[in-house]
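The values are calculated or read from the model by the stated rules, or taken from the named source; none is laboratory data. Computed from a predicted structure; not experimentally measured. Quick reminder, even Gly has a Cβ in these numbers, built from the backbone with ideal geometry, and neighbours come from all protein chains shown.
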Amino acid sequence: MDDRFSNPWRTLKTRVVYDNPWIRVREDDVIRPDGAPGIYGVVHYKNRAIGVLPIDDEGYIWLVGQYRYTLDSYSWEIPEGGGAEGEDPLEAAKRELREETGLEARTWRTLGQAHLSNSVGDEAGIIFLATDLVQGEAEPEGTEKLELMRVKFDEALQMVLDGEITDSISVIAILRYAIERE
């Protein structure tokens with residue numbers, strides 16, 4: 001590998017400062033790229049983020065609205081959730097879509113992958129496009145109080161551009177699909 005792209009950090013010591021079933025936070029004593037000592041905090045996500053962009057035959061998408069505790073605000077997003085280590089990402093996507101919207105899709109394809117906050121966390125996300133939708137009954141988890149909104153794709157795109165949709169996996173999914181449509 002070209003030396004310009006090798007790791008310029010040196011880890012001296014690592015300690016776990018917090019651990020629960022979803023995340024582990026560690027603090028590393030490091031030598032920074034400039035040679036000075038420092039610390040680096042890393043959030044390890046124990047699940048993979050799974051996002052689903054459901055688009056029906058009329059060009060509408062389904063958004064899920066919920067209050068996000070971490071942001072202390074309401075958020076409109078595509079259906080999404082976590083896929084456990086070892087769980088097939090597509091199966092996790094099917095489960096999340098069904099739980100949050102009641103929808104099932106006959107056609108699936110991967111829209112892309114992303115690292116969602118790589119300066120402090122290792123969370124990786126996989127985004128799927130779900131089409132040929134069939135409506136069923138939603139089964140939200142106890143931590144979810146969800147509202148559903150069906151909007152034309154162009155309206156959802158405008159919501160991203162206007163800053164009404166700010167969730168990273170939702171923004172990525174909607175922008176990727178918008179570029180594909182061109």
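For segment 151-166, how many residues are touching a strand residue (DSSP E or B) at 6+ places or on another chain (Cβ under 8 Å), assigned to a helix (DSSP H, G or I) and not small (Gly, Ala, Ser)?
So the answer is 2.
Considering only segment 127-134, I want to know if a residue exists there that is surrounded by fewer than 14 Cβ atoms within 10 Å (Cβ to Cβ) and either over 16 Å from ASP167 (Cβ atoms) or not assigned by TED's automatic domain parsing to the domain that holds ILE165 (or both).
Scanning segment 127-134 turns up at least one residue that is surrounded by fewer than 14 Cβ atoms within 10 Å (Cβ to Cβ) and either over 16 Å from ASP167 (Cβ atoms) or not assigned by TED's automatic domain parsing to the domain that holds ILE165 (or both).
Can you tell which of PRO8, PRO21 is within 30 Å of GLU77 (Cβ to Cβ), not assigned by TED's automatic domain parsing to the domain that holds LEU129 and not in a strand (DSSP E or B)?
Selected residue: PRO21, the only one of PRO8, PRO21 that is within 30 Å of GLU77 (Cβ to Cβ), not assigned by TED's automatic domain parsing to the domain that holds LEU129 and not in a strand (DSSP E or B).
Looking for whichever is more than 22 Å from PRO21 (Cα to Cα) and in contact (Cβ under 8 Å) with a residue 12 or more places away in the chain here; the options are LEU97, LEU161. Which one fits? Spell out the reasoning first.
Values: LEU161 fails: in contact (Cβ under 8 Å) with a residue 12 or more places away in the chain.
None of the other options fit; the residue is LEU97.
Taking only pairs six or more apart or across chains, which ones have beta-carbon atoms under 7 Å, a first residue in segment 61-84 that is in the same structural domain as ASP122 (by TED's automatic domain parsing) and among the aromatic types (Phe, Trp, Tyr), and a second residue that is in a strand (DSSP E or B) and buried (at least 20 other Cβ atoms within 10 Å of the Cβ)?
Cβ pairs passing all conditions: TRP62/PRO54; TRP62/LEU103; TRP76/LEU63.
Check off (1) closer than 13 Å to ASP167 by Cβ; (2) out of contact with any Lys or Arg (no Cβ under 6 Å at 6 or more places or on another chain); (3) assigned to a strand (DSSP E or B) for THR70 and give me the number that stays unchecked.
It is condition (3) that THR70 fails.
Of all residues in segment 38-59 being assigned to a strand (DSSP E or B), over 24 Å from GLU85 (Cβ atoms) and touching a residue at least 24 places away in the same chain (Cβ under 8 Å), which is nearest to the chain's Cα centre (by Cα)?
Only one residue tops the list, namely PRO54.
Which of (1) out of contact with any helix residue (DSSP H, G or I) (no Cβ under 9 Å at 6 or more places or on another chain); (2) touching a residue at least 60 places away in the same chain (Cβ under 8 Å) does PHE128 not meet, given it meets every other one?
Of everything listed in (1) out of contact with any helix residue (DSSP H, G or I) (no Cβ under 9 Å at 6 or more places or on another chain); (2) touching a residue at least 60 places away in the same chain (Cβ under 8 Å), PHE128 misses just condition (1).
For segment 125-182, enumerate the residues that are at pLDDT 95 or above, over 13 Å from the mean Cα position of the chain (by Cα) and among the charged types (D, E, K, R).
Within segment 125-182, ASP132, ARG150, LYS152, ASP154, GLU155, ASP162, GLU164, ARG176 qualify.
Look through ILE61, ILE39 and report the one residue that is closer than 27 Å to ILE169 by Cα and not basic (Lys, Arg).
ILE61
Within segment 146-173, which residues are of a type in the set (Gly, Ala, Ser), surrounded by 14 or more Cβ atoms within 10 Å (Cβ to Cβ) and farther than 9 Å from TRP76 by Cα?
Of everything in segment 146-173, those that are of a type in the set (Gly, Ala, Ser), surrounded by 14 or more Cβ atoms within 10 Å (Cβ to Cβ) and farther than 9 Å from TRP76 by Cα turn out to be ALA156, SER168, ALA173.
Has segment 96-110 got at least one residue that is surrounded by 13 or more Cβ atoms within 10 Å (Cβ to Cβ), in a loop (DSSP other than H, G, I, E, B) and not hydrophobic (A, V, I, L, M, F, W, C)?
Yes: one or more hits.
Given (1) part of a strand (DSSP E or B); (2) surrounded by fewer than 17 Cβ atoms within 10 Å (Cβ to Cβ); (3) assigned by TED's automatic domain parsing to the domain that holds LEU161; (4) touching an Asp or Glu at 6+ places or on another chain (Cβ under 9 Å), where does SER117 come up short, assuming only one miss?
(1)
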